[in-house]
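Everything on this sheet refers to the single structure shown next.
The values are calculated or read from the model by the stated rules, or taken from the named source; none is laboratory data. Computed from a predicted structure; not experimentally measured. With ideal geometry, Cβ positions are generated from the backbone for all residues, glycine too; neighbour counts draw on all protein chains shown.
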Amino acid sequence: MSAMAGAVDLSALKSRAEANARAAAQPAAGGGDGGAAPASGAVIDVTEADFQAEVVEKSLQVPVIVDLWATWCGPCKQLSPVLERLAQEAGGAWVLAKIDVDANPRIAQLFQVQSVPMVIAIAGGQPVDAFSGALPEPQIRQWIDELLNALRDQLPGIRAAEQGGAAEPVEEPEDPRFTAAEDALERGDYAAAEDAYQKILDSEPNNEQAKAALAQVRFSARAEQADPAAIERADAAPEDIDAQLAAADAELAIGKVEEGFDRLIRGVKRTSGDERDRVRRHLVEMFEVFPEGDERVSAARRALASALF
C-alpha cells in the first residue's frame, strides 16, 4: 500500500489547477476541449483544469482511483469498463477518475506514465498504490478491497458510504506562509509580500503558486509606479532598454497587454547578450502575471521563441 506514498508530488499540478480556476472565473471568449466542468458521481472524466477539485480534494474524503488511458490503447478498452462497473457498484466508497493521457500530458508527466493502462489510487491528496496493465476482474476486486480496508479509518467518506450516509466535508487548512504574504499585499507592503513569497520558494523551488504570486507582487509594485509618459519616451528612444521596460510595464498597467508584449519582443530582436537576456527575463516574468491558457501569453510566447531562434 505504501509503495507510491510520497513518490509523486501533486502540489505543482494543484497550484496550476488553482490558476486555471482563477482564469475560468474571468470572462472567456469561448470554450475549449480542456475545460470540462467538474462532474459528480462514481465515474468522472477529469482534465488538468479540474484535477484539483475532482482528484486531490475529493481524495480527502474517499479514495480516488485514477484510470490513465488513451484512445489508441487496446488493453484500456478492456480495463476501463470493468473499473466503471466496480465504481458504480461501490456506492460512493471510492470514485473512478478517468484521464486521457494524450489530452492531459501534464498529468501523465506528473505520474511518470511509461505505458497505459495505468491505475493509481489517490488518498489524502497523495498516491498510495498503483498497478499497470489490464488485470483480471477478480484481481482488481481484491486490490480495491485491500485498498478500502487499509484506508477505512483514515478517510471518513468510505465508512459513511458503506453506511449509506454522507461524510462531513474536510476544510483544507490555510498555509500560514501564504496568509502572511497576502496580508502584506493587502496592506500595500509589496516588499514584505515579495520577501514572504521568496522565502517559500527558497524552501520549495517548484511551488508554482508562490512563483505566480511573486510575479504578481513584483509587477504590482512596478505598475503602481508606472508613468504613462514612459510610453512616449520609449517610442522616441527605441535603443534605451530601461525606457522600453518601463513603457511595457506602463502598457500592461493600463490594459494594453499585447502592446507591452510586442514592445519587449521587438526589444529582444534588436538586442544581444546581457541586454537581450534582461529583456527576455522581464517579458517572461510578465507572462507569469497571467493565468495559464491566456491566448495573449500563448501568442507572445510563440513570437518570443521566433525572435530568439
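One table, with the values for the structure above:
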quantity: Test: residue in region 120-129 that is of a type in the set (Asp, Glu), in contact (Cβ under 8 Å) with a residue 40 or more places away in the chain and over 24 Å from Trp72 (Cβ atoms); calculated: yes
quantity: Pair list, Cβ < 8 Å and 6+ apart or interchain, from region 225-245 residues that are polar (S, T, N, Q) to residues that are surrounded by fewer than 19 Cβ atoms within 10 Å (Cβ to Cβ); calculated: Gln244/Pro238
quantity: Residue within region 58-80 that is within 19 Å of the chain's Cα centre (by Cα), of a type in the set (S, T, N, Q), assigned by TED's automatic domain parsing to the domain that holds Leu151 and modelled with pLDDT of 85 or more present; calculated: yes
quantity: Contacts under 9 angstrom Cβ, first residue in region 72-93 being over 19 Å from Val116 (Cβ atoms) and free of Cβ contacts under 8 Å to residues at least 60 places away in the same chain, partner of a type outside the set (Gly, Ala, Ser) and assigned to a helix (DSSP H, G or I), 6 or more apart; calculated: Arg85/Glu137
quantity: Condition met for Ala215 (within 18 Å of Phe287 (Cβ to Cβ) and either within 22 Å of the chain's Cα centre (by Cα) or part of a helix (DSSP H, G or I) (or both)); calculated: yes
quantity: Among (1) touching a helix residue (DSSP H, G or I) at 6+ places or on another chain (Cβ under 6 Å); (2) surrounded by fewer than 20 Cβ atoms within 10 Å (Cβ to Cβ); (3) in a strand (DSSP E or B) - the single one Gly91 does not satisfy; calculated: (3)
quantity: Lone unmet requirement of (1) assigned by TED's automatic domain parsing to the domain that holds Phe290; (2) surrounded by 17 or more Cβ atoms within 10 Å (Cβ to Cβ); (3) among the hydrophobic types (A, V, I, L, M, F, W, C); (4) at pLDDT below 85 for Ile158; calculated: (1)
quantity: Residue within region 135-143 that is touching a Ser or Thr at 6+ places or on another chain (Cβ under 8 Å) and surrounded by 14 or more Cβ atoms within 10 Å (Cβ to Cβ) present; calculated: no
quantity: Selection status of Gln126, surrounded by fewer than 18 Cβ atoms within 10 Å (Cβ to Cβ) and under 28 Å from Arg159 (Cβ atoms); calculated: yes
quantity: Filter result for Ala253 (crowded, with 16+ Cβ neighbours inside 10 Å and either out of contact with any Leu (no Cβ under 9 Å at 6 or more places or on another chain) or under 26 Å from Arg302 (Cβ atoms) (or both)); calculated: yes
quantity: Region 256-290, subset buried (at least 19 other Cβ atoms within 10 Å of the Cβ) and among the aromatic types (Phe, Trp, Tyr), residue farthest from the chain's Cα centre (by Cα); calculated: Phe261
